[in-house]
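Here is the structure we will look at.
Rule-based calculations on the coordinates, nothing more; no lab input. As the structure is a computational prediction, the values presented were derived from the model and not from experiment. All Cβ positions, glycine included, derive from the backbone under ideal geometry; neighbour counts span all protein chains shown.
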Amino acid sequence: MWRIGLDIGGTKIEALVVSPTGEELHRRRISSPRGDYEATLEGIARLVASLKAEFGIGPDLAIGAGIPGSLSPKTGLVRNANSTWLNSRPFGTDLAARLGQPVHMENDANCFALSEALDGAGAGFRTVFGIILGTGVGGGIVHDGQLLHGRNAIGGEWGHNPLPWPRDDERDAPPCFCGRRGCIEQFLSGPALEHNHARLSGTARTAAEIAELAEAGEAAAGAIIALYCDRLARALAHVVNILDPDVIVFGGGLSNVDSIREGARVRLPAWVFSDVCETEFRRNRWGDSSGVRGAAMLPLLRGIGTQCGPQG
């Protein structure tokens, strides 16, 4: 069976072609049509059609897709996506209809966690918490090789809990797309880091540039990264206090900054309700294509992902 994995994000859509023997043959990316639901469906359909034609893929094809947000188990509509043009839409049904075949659909952070837990940086650990620190903040939980959805299918959604132990200057938090204030995502996403730097320094920099300035010893950038690490440690302490995972695997653009992982790791024990804190922090193995690898795995994993048929 051929497989195509899709990672449908706010800035790019990536596809991965996997041969019937399990070989990863090709990756291709297109830009996401931000704000345009119909153009998103059409762009994915053209992407899949071009790959099928290029590799001579016939009807023996399964498709898995990772999306920001998730499908409501009650309505089947997308909810909680920071790609807000997908929210309250029957995206799974519509995409399957556009492609003319079923699609196995799952939250993108869950796809990342699966990829890293099964044969990535979390392989060999019983409980893996995979986190995304990028345009948004999300997470997925894998225990003994099985994804934990939870009763309401929101397992791992730590980014929309409030930042714990807030300081006085953190209480007047900016509004989140979800409609609340104080969400972890509004402190730890890449755009949040950039906004904080611009607010405190008066200079617009990308997250990567801020990290580079901090590494070079620039005082203002160093202070901002230190504050980010403190907030990250507090946020992850709640995860450790509740889930106590063996390992936390970092994904998203900010996972590439070694000083952020290390800075949060050394600060974590101060906030964990234990006399010992040996939680491992690991950078992902599969880079920014880990999510699309997890999506391509979905058709092989029984009971994981929602199968959306062309007729609903």
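Starting from the Cα of residue 154, move 7 Å in the Cα-to-Cβ direction to define the label point; list residues of segment 37-74 whose amide nitrogen is under 14 Å from there. Residues 69-74 fall inside that zone. For segment 1-18, the residues whose backbone nitrogen is under 11 Å from a point 7 Å from the Cα of residue 55, taken along Cα to Cβ, are 1-6, 15-18.
Please state the equivalent ellipsoid semi-axes for segment 248-312: what are the square roots of 5 times the Cα gyration tensor eigenvalues, largest first, in whole Å? Display every interim value, and only then the final one.
Numbers: eigenvalues 226, 52, 18 Å².
Here the semi-axes work out to 34, 16, 10 Å.
Highest average first, the peptides 250-260, 23-33, 147-157 ordered by how many other beta carbon atoms sit within 10 Å of their residues are 250-260, 147-157, 23-33. Legend: P(r) of segment 124-284 from all alpha carbon pair distances, 5 Å bins from 0, whole percents, reading 2, 9, 18, 23, 21, 15, 8, 3, 1, 0. The residue list 133, 148, 179 was ranked by how far each Cα lies along the charge dipole of segment 124-284 toward its positive end, using unit charges on Cβ atoms, and 179 comes out on top. Residues of segment 191-213 falling in the label zone of residue 262, defined by backbone nitrogen less than 19 Å from a point 7 Å along Cα to beta-carbon, are 208-213.
Per the Kirkwood treatment, what hydrodynamic radius in Å, one decimal, follows for segment 1-140 from the mean inverse distance over all distinct Cα pairs?
On the way: mean 1/r = 0.0641 Å⁻¹.
Kirkwood hydrodynamic radius for segment 1-140: 15.6 Å.
Applied to segment 281-297, the Karplus parametrisation 6.51 cos²θ - 1.76 cosθ + 1.60 on θ = phi - 60° returns per-residue 3J(HN,Hα) values of 10, 9, 6, 4, 7, 9, x, 7, 9, 4, x, 5, 5, x, 4, 5, 7 Hz, with x for Gly and Pro.
The rule of thumb for compact globular proteins, 2.2 N^0.38 Å, goes into the C-alpha radius of gyration of segment 80-120 1.41 times.
Backbone amide hydrogens, once placed in the peptide plane, bring residue 135 within less than 5 Å of 190, 253, excluding anything fewer than 5 places away on its chain. For segment 195-312, the extents of the C-alpha atoms along the principal axes are 55, 40, 25 Å, listed from largest to smallest.
Each residue of segment 51-56 was assigned a 3J(HN,Hα) from its phi angle through the Karplus expression (A = 6.51, B = -1.76, C = 1.60, θ = phi - 60°), giving 5, 4, 5, 5, 9, x Hz with x at Gly and Pro. In segment 161-230, taking the dipole from charged Cβ atoms about the Cα centre, the farthest positive-side position among 221, 211, 200 is held by 200. Assuming charge only on the beta carbon of Lys and Arg (+1) and of Asp and Glu (-1), the dipole of the chain about its Cα centre is about 700 debye to the nearest 20. With θ taken as phi - 60° and the Karplus curve 6.51 cos²θ - 1.76 cosθ + 1.60 applied, the whole-hertz 3J(HN,Hα) list for segment 132-137 is 10, 10, x, 4, x, 10 Hz, x standing for glycine and proline.
Note on segment 141-210 and segment 57-88: Cα centroid distance 22 Å, given to the nearest whole angstrom.
On the principal axes of its alpha-carbon atoms, segment 179-239 has extents of 32, 24, 16 Å, going from largest to smallest. Size descriptors for segment 155-207, from the alpha-carbon set: Rg then Dmax equal 11.6, 38 Å. Applying D = kT/(6 pi eta Rh) to the chain, where Rh is the Kirkwood radius over alpha-carbon pairs, T corresponds to 4 °C and eta to 1.567 mPa s, the Stokes-Einstein value obtained is 65 µm²/s. For segment 101-118 and segment 275-301, what is the separation of their C-alpha centers, rounded to whole Å? Segment 101-118 and segment 275-301 have Cα centres separated by 10 Å.
When peptides 269-279, 284-294, 118-128 are sorted by average Cβ neighbour count within 10 Å, with the highest value leading, the order is 284-294, 118-128, 269-279. Dipole size of segment 124-284 about its Cα centre, with +1 on Lys/Arg Cβ and -1 on Asp/Glu Cβ: approximately 380 debye, rounded to the nearest 20. Taking the Cα centre of segment 205-312 as origin and assigning +1 to Lys and Arg Cβ atoms and -1 to Asp and Glu Cβ atoms, the resulting dipole is close to 420 debye. Most simply put, the chain has about 60% antiparallel DSSP beta bridges, counting only bridges with both residues inside it.
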